[in-house]
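The numbers here are math on the coordinates, done by the rules we state, and not lab data. Just so we're clear, the structure is a prediction, and the values are computed from it rather than from any experiment. Because the Cβ atoms are built from the backbone with ideal geometry, glycine has one as well, and the counts that use them run over all protein chains shown.
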Amino acid sequence: MAQAGRAPADPLIPFFSLYRRLCDPVERGSRVLGHLGQSIDGYIATASGDSDFVNDQENIRHLHRLRALHDAVIVGAGTIAADNPQLTTRRVPGPNPVRVVLDPQRRLPETSQVFTDGVAQTLLVVAEADGGSTTHSQAEVVVVPTKDGLFNLAQVVECLADRGWRKLFVEGGGTTVSRFFDAGLLDRLQIAVAPVLMGRGKPGLRLAPKDRLDDCPRPKHRVFAMGHDILFDCDLAASEPGAIGSRTDQSTGEPTGTDNRTTFADSSVPIRRIR
């Protein structure tokens, strides 16, 4: 471990440590990563809906890298309605993922960017086909049954895996990422915390409550500094409720528990490790 203020022997080690495991192929099942960017007090947007931008530009580039490393990026209808995003990799080298929009009531207009720009394959997942229509502007319409107005997300994941898309990135919003978490479908969860306080607004994670602290998840994680933001990279697949401690990353020989902090700015500048 390098001392604070001193660069490690190879400053790219933390960079590759963050992304290397996401490059591994998935031959069976699916691997699902969720990400949210939020304020210190846990909001992803102000009460008026302003979220442009909560996080530092380095975290925006990180999102684009995550898109490039996954087969498909998944968002809820609320994210499209609020932000009208492109969900492409325009800020980094790499392929655009398949864009998957969850809109059970098919309420989004056909004019949304993801449905009209034609730069990447796009799926609109709905509860029922509208008059037998199989397209929504340039997007393909896929029907997945709902219960009480909500998708069975395991069926959504299975549907995508059947098409060969096994590396899935759930980018937002807070409700969608929370539902994937509560369904036990996330293998990793990344939370980027920005040094801003909103007071009230649109919350990030909203999970099923626990009565006992011992039952609350304490995921094994690593911490990275991205510009002014702090990124928590949580390994949910290796975590147990209430577990505290650290383990060793077999690929790097480094601990990956609560005491592992890495400063990370950009792949083109030195990265230093601090305590």
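Here are some notes:
- Placed amide H near Ala225: partners under 5 Å, 5+ positions off or other chain: Leu231, Thr262, Thr263, Phe264
- Potential extension, Gln121-Arg28 segment - 0.36 nm per residue separation minus Cα distance: 31.2 nm
- The range 166-172 - phi-based ³J(HN,Hα) in whole Hz, Karplus 6.51/-1.76/1.60, Gly and Pro as x: 10, 9, 10, 10, 8, 8, x
- Between the beta carbons of Ser133 and Ala183, assuming R0 = 30 Å, the FRET efficiency works out to 0.60 to the nearest 0.05.
- Distance between modelled label sites at Ala81 and Thr46, nm, 7 Å Cα→Cβ extension: 2.1 nm
- Here the 3J(HN,Hα) profile of the range 224-230, calculated from phi with Karplus coefficients 6.51, -1.76 and 1.60 at θ = phi - 60°, is 10, 9, 10, x, 8, 9, 10 Hz, Gly and Pro shown as x.
- Built amide H within the under 5 Å cut-off of Arg31, gap 5+: Lys167, Leu168
- Residues whose placed amide H lies under 5 Å from that of Arg206, excluding near-sequence neighbours: Ser178
- For the range 47-171, projected area of the alpha-carbon convex hull averaged over all directions, nm²: 8.2 nm²
- When only the Cβ of Lys, Arg, Asp and Glu is charged (+1, +1, -1, -1), the dipole of the range 47-171 relative to its Cα centre reaches about 400 debye.
- Gain on full extension, evaluated as 0.36 nm per residue between Arg107 and Leu213 minus their Cα-Cα distance, stands at 34.3 nm.
- Reach of Lys220 by Cα under 23 Å, taken over lysines that are not fewer than 8 positions away in the same chain: Lys167, Lys210
- When peptides 225-234, 71-80, 102-111 are sorted by average Cβ neighbour count within 10 Å, with the highest value leading, the order is 71-80, 225-234, 102-111.
- Applying 0.36 nm per residue to the separation of Val143 and Phe16 and subtracting their alpha-carbon distance, the gain on full extension is 41.9 nm.
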